[in-house]
Amino acid sequence: MVPYEYYVVLSALLMVLGLVGVIIRKNIIAMLISTELMLNAVNIAFVAFDFKLQEVAGQVFVFFILTIAAAEAAVGLGLIMAIYRMKKDVSVEKLTELKF
């Protein structure tokens, strides 16, 4: 059996990787993927602590985070498509104004 500490370390590494991806990347789609990676890191941490504490609350939080992540992906991709149709580019540096 794998100790829960390994899952916590994996979760921390994925969180750092996602945070670096959000900070460094200039593409909105890559930033959206990095955000999804960070949400999955939180899910792994919740499941690891749920396993350690022998409770069900972590699994309930994971369910809610998965639904939020799905909604975030749908809304985010919809916004990216609308921005691409208007500006023909999805670079963060060129999208500095809120008006079209």
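Consider the stretch 32-61 and keep the residues that are assigned to a helix (DSSP H, G or I) and of a type in the set (D, E, K, R). The one that is surrounded by the fewest Cβ atoms within 10 Å (Cβ to Cβ) is 52.
Is there a residue being among the aliphatic types (A, V, I, L, M) and within 12 Å of the chain's Cα centre (by Cα) anywhere in the stretch 48-57? Spell out the reasoning first.
First pass over the stretch 48-57, keeping only residues among the aliphatic types (A, V, I, L, M): 48, 53, 56-57.
After this cut, where a residue has to be within 12 Å of the chain's Cα centre (by Cα) as well, the list is none.
No, the stretch 48-57 contains no residue that is among the aliphatic types (A, V, I, L, M) and within 12 Å of the chain's Cα centre (by Cα).
In the list 16, 2, which residue meets the criterion of being closer than 30 Å to residue 92 by Cα and among the hydrophobic types (A, V, I, L, M, F, W, C)? One residue alone meets the criteria, 16.
On the basis of being part of a helix (DSSP H, G or I), touching a residue at least 12 places away in the same chain (Cβ under 8 Å), among the β-branched types (Val, Ile, Thr) and loosely packed, with under 15 Cβ neighbours inside 10 Å, does residue 29 make the cut? Let's see the steps before the verdict.
Details: part of a helix (DSSP H, G or I): yes; touching a residue at least 12 places away in the same chain (Cβ under 8 Å): yes; among the β-branched types (Val, Ile, Thr): yes; loosely packed, with under 15 Cβ neighbours inside 10 Å: yes.
Criteria met by residue 29.
A short reminder: the numbers here are calculations on the coordinates, not readings from a lab. Everything numeric in this text was worked out from a predicted model, so none of it was measured. Positions of Cβ are generated from backbone atoms using ideal geometry, with glycine treated the same way; all protein chains shown enter the neighbour counts.
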